[in-house]
Each structure stands twice: as structure tokens, then as C-alpha cells.
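For reference, the structure is listed below as C-alpha cells.
The values are calculated or read from the model by the stated rules, or taken from the named source; none is laboratory data. If you're wondering where the values come from, they're calculated on a predicted model, not measured in any experiment. Quick reminder, even Gly has a Cβ in these numbers, built from the backbone with ideal geometry, and neighbours come from all protein chains shown. Heavy atoms of the whole protein, side chains included, go into the accessibility calculation; ligands, DNA and RNA do not. Shrake-Rupley method; radii C 1.70, N 1.55, O 1.52, S 1.80 Å.
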Amino acid sequence: MVVVNTTQHAQLVDALTAADPSVRLRAALSAGTDSDPRLTETLVARCAVEPDFFVRDMLTWALCRMPADVTVPRLIDELGSGSAQARSQALHTLSKIGDPRAWPSVSAQLHDEDDEVVRSAWRAAVVLVPLGQEAVLAAELVPELGRGDRDRQLSLSRAFAGLGEDVLPALDTVASHPDPLVRAHMEATKQLVHDPESSFTLSVELAKRVAITGQGS
């Protein structure tokens, strides 16, 4: 860790809010290179409002370079933010850090109302779930089957696939679900679990056709 002096610190803070995204990107890179814990609050706060994807990615990298004892508690606090971007970025960063202390807080976000947040929560949960609790997590995720658009459905299926074949009994619990879209999403997910290289697009299109057929019967 390189502790920057007060002047450098102030310059970095200012650069992180510059109008030019390339300036913000370089500032985030410098912050991560210096790994000065005093910048943690500024980096977390910037994650909540940063509009540029590449800058956000660099902010996450910078936070991962900070001491986990400093960043993890602050990121967990951020999960209570009213800003969806703040919650989503905090979850994304926690998944990259991989500290098990974040698991209880991450698992509490599995049904967030915002699609981006909940997708980030699923990805983080797959990384942080305690060994042997994969089936429990799968059961917690089952009620999300059939909900939302293609991106949300694909994210959920990938989360199941990331947990491995331990999820199959949980998926089978909805084999007789009254909603054909839930059943079709379950089948598409099982296919992805068995073969992660398989095409999910065709499965989702099939699910939509099944749902329409069911409505017309």
C-alpha cells in the first residue's frame, strides 16, 4: 500500500468527478495502484453515480485493491442504499472481493425489486455461498423462475448452472407448476446445468410459445 499525501489525495478525489470519463478512468486506476484506504469512501460513493461502464469497472478494481477489513463493511452498508446502482455495484464488488463475511447481507438481496440489483445479487451469491449450502440457495432462487425478461431469466439460469447439479432437486419441485412459463424456464435451466454451452435463447423462445399456447387453451 502506498499512502498518498494530502495534495495527491485531493487531486484524485477531484479527478474522480471530472467531466471527462478518460480522466475519471485514470483517477480510478491511480486510486487502485496507490491502494490508499482513505479513498474507500470516495470510491464507493462514486460507484453509486458513475455513468460509464469502464470507469465503474475500474472503480471496482480499485476497491478490490483496498484492505478488505475496510472495504467489505462499507460495501455491506451500501446494500441498504436507496440507489439501485449503489446496491448493484456494491454486490458486484463484493463478488469480486469474495470475502465470506458478506454472505448474510448478499443473501438478503436475492429478491430485490430492481432487475440489475437482483441479477448482481445472484452472481454474488454463487461466489459467496458457503460450501454445502448450494442446495439451500437453489431452493431460495426457485421462486424467481419465470419472472422478468430474457436477461433476467438468463442470469437466474446461469446462477443455477454456477451452483452445479446440486440444484436439480430444487428445480424439480416446480415440474408441475401451474404456470407454463415457470415450467419452461425450469427446463431451460436444467439444460443449462447439464450443458453450460447449450443455447438458452431457443429455450426462452420456447417458454414464451408455451405460455402463449397455455393462455389460448
Review point. So which residues in the stretch 163-197 are surrounded by fewer than 19 Cβ atoms within 10 Å (Cβ to Cβ), assigned to a helix (DSSP H, G or I) and at pLDDT 95 or above?
Key: L168, P169, D172
Review point. Can you name every residue in the stretch 20-36 that is surrounded by 15 or more Cβ atoms within 10 Å (Cβ to Cβ) and in contact (Cβ under 8 Å) with a residue 12 or more places away in the chain?
Key: R24, L25, A27, A28, L29, S30, A31, G32, D34, S35, D36
Check your understanding: If you go through the stretch 104-114 one residue at a time, do you hit one that is of a type in the set (D, E) and not in a loop (DSSP other than H, G, I, E, B)?
Key -> no
Exercise for review: Please report, ordered by residue number, the helices (runs of 4 or more DSSP H) entirely within the stretch 1-63 with at least 1 residues that are aliphatic (A, V, I, L, M) and farther than 18 Å from S83 by Cα.
Suggested key: 6-15, 21-34
Revision key, fill the gap. Contact list, first residue from the stretch 134-148 and closer than 12 Å to D166 by Cβ, second anywhere and open to solvent by 50 Å² or more (accessible area, probe 1.4 Å) and not in a helix (DSSP H, G or I), beta-carbon distance below 8 Å, six or more apart or interchain, is A139/T173
